[in-house]
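K.L.:
I have a structure I would like to understand better, so I am pasting it below and will then ask my questions one at a time.
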Amino acid sequence: MRAGVLQAIRRFFVDQGYLEVETPYIIPAPASEAHIDAIPADGAYLHTSPELCMKRLIACGYTKIFQICPCFRKAERGTQHLPQFTLLEWYRTGTDYMGLMDECEAMIGQVSREVGAGDEITYRHNRVNLRSPWERITVQEAFSRYGSMTWEEALKTDRFDEIMVTRIEPCLGAPRPTFLYDYPAPLAGLSRVKRSDPRVAERFELYVAGLEIANAFSELTNHLEQRERFEKERERRRKEGKTVYPLPERFLQALTIMPESAGIALGVDRLVMLLADQPTIDQVVAFTPEEL
Amino acid sequence: MYNASDLKKGLKIQIDKEPYVIIDFQFSKPGKGQALYRCKLRNMISGIILDRTYRSVDSFESANLEQRRMQYLYSQDEHFHFMDVQNYEQSSLGADQVGDAKNYLTDNLEVDMLLFDGRPIGITLPNFVDLTVTKADPWVKGDSVSGDSKPVTLETDYTLRVPPFVEEGTRITVDTRTGEYVTRVKE
């Protein structure tokens, strides 16, 4: 199943005219994000995602690129997390996060059919219909429908993540996959703020049967704003006693010439879990860290 | 001291000066959000179960627990008395702390007693104990109503179902985890 999913993903993107790329796994400066920790590697770091290098390729003139690669995040281990996991990222110029939602629907639908899982899957006793259109709800709607307070109140009391995990996520993604979109701007470090409502950013997360599958956004292309946001995250990391990563200067420089684009990271292990109906990530990898 | 990243099923920690064991544990991390450590905890004294969600900045004290080999002596007024096999010190537990274990306690039985801050809070029995049947109805051949088992009472007043051939005065082995009959003891 895992091999089938990887091959089907590649077929989809090649057919859509995407170029498969490879970027270095060892990088000097990972993106500074409050809750993502990189594993040190010989004076540098293992990348937590190929995001920065892939955006530099977009700035160089590539218009449609994808990559499937292992990524590394410190101290992430649970039924849906491994410190080494596989991400699929793709970037495209001339579109925004809404365009990526359509592409997600087409890609996952096609992969599911190609591996024999069909248009209707069952994940942990939930029936999910993968035919378009999928559900699209804003973070604001999700909080009013399933949460006990607004997202503004949740952010103020530092309960946003807790309400998301305990109340909202379990309700998302069945009987159709759900795009949860328009995240609070402070929670979207590398995405563009929405022009019509600057309190939110053009970011979405895809959920299928309660499982978080992908994170995407309209890319922030303003290098000054990006620098400021990295500085904020760095300050926060400093206060919490975490490692403060150097600023990725070459990436920031590349932003000055990067065109309007959108990008997405999709957890390949999670997609395999979903299509193979496996409750934990342990079941879809050859070896877990504990088995080595 | 433990950090949130040390939390796992089976770990024993101290909350509000009481010992808890983690009976269910889940690591969650919503998209780009902070790590959340969701625990179901059982109070090792009262048995009350709590749901708690911790974050990576939280830290925990380990529960000061100690296990000692004890011999069961006798019970009196709802109290069960034990003696440390090494230093002969005596301690006792209330009926609610002993719980169903009372069904298997006979004189001189050796058990593991758990102490929290030096205070006894519970016992762990051997997995199998031998007990004498004190009351059993004779087996009537061809009785198809009771099927292939019948109830008997043991020396501890515990009643369980056994195969029809078990008679009064027989010693039998019982699994203390399930409370079920295992076999007849060969003398």
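K.L.:
What tally of residues in the range A:57-83 results from selecting those that are in contact with a Phe, Trp or Tyr (Cβ under 9 Å, 6 or more places away or on another chain), in contact (Cβ under 8 Å) with a residue 40 or more places away in the chain and part of a loop (DSSP other than H, G, I, E, B)?
P.N.:
Counting residues in the range A:57-83 that are in contact with a Phe, Trp or Tyr (Cβ under 9 Å, 6 or more places away or on another chain), in contact (Cβ under 8 Å) with a residue 40 or more places away in the chain and part of a loop (DSSP other than H, G, I, E, B) gives 5.
K.L.:
For the range B:18-43, enumerate the residues that are at pLDDT below 90 and away from chain A (no Cβ under 14 Å).
P.N.:
The answer is none; no residue qualifies.
K.L.:
Still on this structure: How many residues are within 14 Å of another protein chain (Cβ to nearest Cβ) and either closer than 18 Å to A:Arg77 by Cα or at pLDDT below 90 (or both) if we restrict to the range B:44-54?
P.N.:
Looking only at the range B:44-54, we keep the residues that are within 14 Å of another protein chain (Cβ to nearest Cβ), and these are B:51-54.
Pick out the ones that are also either closer than 18 Å to A:Arg77 by Cα or at pLDDT below 90 (or both) and you get B:53-54.
Going through the range B:44-54 one residue at a time, the tally reaches 2.
K.L.:
Testing B:Asn87 on (1) part of a loop (DSSP other than H, G, I, E, B); (2) farther than 30 Å from B:Glu61 by Cβ; (3) not β-branched (Val, Ile, Thr), one condition comes back false. Which one is that?
P.N.:
Answer for B:Asn87: the failing condition is (2).
K.L.:
Then there's this: Those residues that are in contact with a Phe, Trp or Tyr (Cβ under 8 Å, 6 or more places away or on another chain) and under 27 Å from A:Met98 (Cβ atoms), I need them from the range A:218-237; list them, please.
P.N.:
Across the range A:218-237, the qualifying residues are A:Ser218, A:Glu219.
K.L.:
If a residue has to be in contact with a Phe, Trp or Tyr (Cβ under 9 Å, 6 or more places away or on another chain) and touching a residue at least 24 places away in the same chain (Cβ under 8 Å) to count, how many in the range B:69-97 make the cut? Lay out the reasoning, then the answer.
P.N.:
We begin by selecting, within the range B:69-97, every residue in contact with a Phe, Trp or Tyr (Cβ under 9 Å, 6 or more places away or on another chain); these are B:70-74, B:80-83, B:90-95, B:97.
After this cut, where a residue has to be touching a residue at least 24 places away in the same chain (Cβ under 8 Å) as well, the list is B:70-74, B:80, B:82, B:91-93, B:97.
So the count comes out to 11.
K.L.:
Okay, next question. For the range A:142-158, check the following and say yes or no: at least one residue is of a type outside the set (Phe, Trp, Tyr), closer than 25 Å to A:Arg56 by Cβ and touching a helix residue (DSSP H, G or I) at 6+ places or on another chain (Cβ under 9 Å).
P.N.:
Initial filter on the range A:142-158 (of a type outside the set (Phe, Trp, Tyr)): A:142, A:144-145, A:147-150, A:152-158.
Subset that is closer than 25 Å to A:Arg56 by Cβ: none.
No, that holds for no residue.
K.L.:
Still on this structure, I have one more. Sort out which residues of the range B:101-139 are touching a Phe, Trp or Tyr at 6+ places or on another chain (Cβ under 9 Å) and assigned to a loop (DSSP other than H, G, I, E, B), and write them in order of number.
P.N.:
B:Leu105, B:Thr106, B:Asp107, B:Asn108, B:Leu109, B:Leu125, B:Pro126, B:Trp139
K.L.:
Please indicate, with yes or no, whether at least one residue in the range B:108-126 is touching a residue at least 12 places away in the same chain (Cβ under 8 Å), within 14 Å of chain A (Cβ to nearest Cβ) and over 16 Å from the mean Cα position of the chain (by Cα).
P.N.:
Within the range B:108-126, not a single residue is touching a residue at least 12 places away in the same chain (Cβ under 8 Å), within 14 Å of chain A (Cβ to nearest Cβ) and over 16 Å from the mean Cα position of the chain (by Cα).
K.L.:
Also, I was wondering about something else. Can you name the number of the only condition in (1) away from chain B (no Cβ under 14 Å); (2) touching a helix residue (DSSP H, G or I) at 6+ places or on another chain (Cβ under 7 Å); (3) not aromatic (Phe, Trp, Tyr); (4) not in a loop (DSSP other than H, G, I, E, B) that A:Leu87 fails?
P.N.:
Going through the list (1) away from chain B (no Cβ under 14 Å); (2) touching a helix residue (DSSP H, G or I) at 6+ places or on another chain (Cβ under 7 Å); (3) not aromatic (Phe, Trp, Tyr); (4) not in a loop (DSSP other than H, G, I, E, B), A:Leu87 breaks only (1).
K.L.:
Restricting the range B:1-51 to residues that are assigned to a strand (DSSP E or B) and polar (S, T, N, Q), which is farthest from the chain's Cα centre (by Cα)? Step through it out loud before you land on a result.
P.N.:
Keep residues of the range B:1-51 that are assigned to a strand (DSSP E or B), which gives B:2-3, B:12-15, B:18-28, B:36-43, B:49-51.
Subsequent filtering for residues that are polar (S, T, N, Q) retains B:3, B:14, B:26, B:28, B:43.
Numbers: B:Asn3: 28, B:Gln14: 20, B:Gln26: 25, B:Ser28: 31, B:Asn43: 14 Å.
The qualifying residue farthest from the chain's Cα centre (by Cα) is B:Ser28.
K.L.:
Check the range B:130-144 and report whether any residue there is buried (at least 16 other Cβ atoms within 10 Å of the Cβ) and under 30 Å from B:Tyr20 (Cα atoms).
P.N.:
no
K.L.:
Give the residues of the range B:90-100 that are outside any strand (DSSP E or B) and either farther than 14 Å from B:Arg119 by Cβ or at pLDDT 90 or above (or both), sorted by residue number.
P.N.:
Of the residues in the range B:90-100, the ones outside any strand (DSSP E or B) are B:95-100.
Passing the criteria: B:Ala95, B:Asp96, B:Val98, B:Gly99, B:Asp100.
K.L.:
Also, quick follow-up: Collect the residues in the range B:22-42 that are surrounded by fewer than 16 Cβ atoms within 10 Å (Cβ to Cβ) and either of a type in the set (Ser, Thr, Tyr) or in contact (Cβ under 8 Å) with a residue 24 or more places away in the chain (or both), keeping them in residue-number order.
P.N.:
Within the range B:22-42, just B:Ile23 meets the criteria.
K.L.:
What is the one condition in (1) farther than 26 Å from A:Ser261 by Cβ; (2) at pLDDT 95 or above that A:Gln110 does not satisfy?
P.N.:
Of (1) farther than 26 Å from A:Ser261 by Cβ; (2) at pLDDT 95 or above, only one is false for A:Gln110: (1).
K.L.:
Still on this structure, please answer the following. What residue, among those in the range B:55-84 that are within 14 Å of another protein chain (Cβ to nearest Cβ) and assigned to a strand (DSSP E or B), is farthest from the chain's Cα centre (by Cα)? Give the derivation first.
P.N.:
Just the residues of the range B:55-84 that are within 14 Å of another protein chain (Cβ to nearest Cβ), to begin with: B:55-59.
Checking the rest, the ones that are also assigned to a strand (DSSP E or B) come to B:55, B:59.
Details: B:Arg55: 31, B:Ser59: 29 Å.
Looking at the filtered set, the residue picked out is B:Arg55.
K.L.:
Which condition number in (1) in contact with a helix residue (DSSP H, G or I) (Cβ under 6 Å, 6 or more places away or on another chain); (2) farther than 25 Å from B:Asp6 by Cβ is the one that B:Tyr37 fails?
P.N.:
Every condition holds for B:Tyr37 apart from (2).
The values are calculated or read from the model by the stated rules, or taken from the named source; none is laboratory data. Since we're looking at a predicted model, the values are computed, not measured. In this analysis, Cβ positions are derived from the backbone assuming ideal geometry, glycine residues included, and neighbour counts consider all displayed protein chains.
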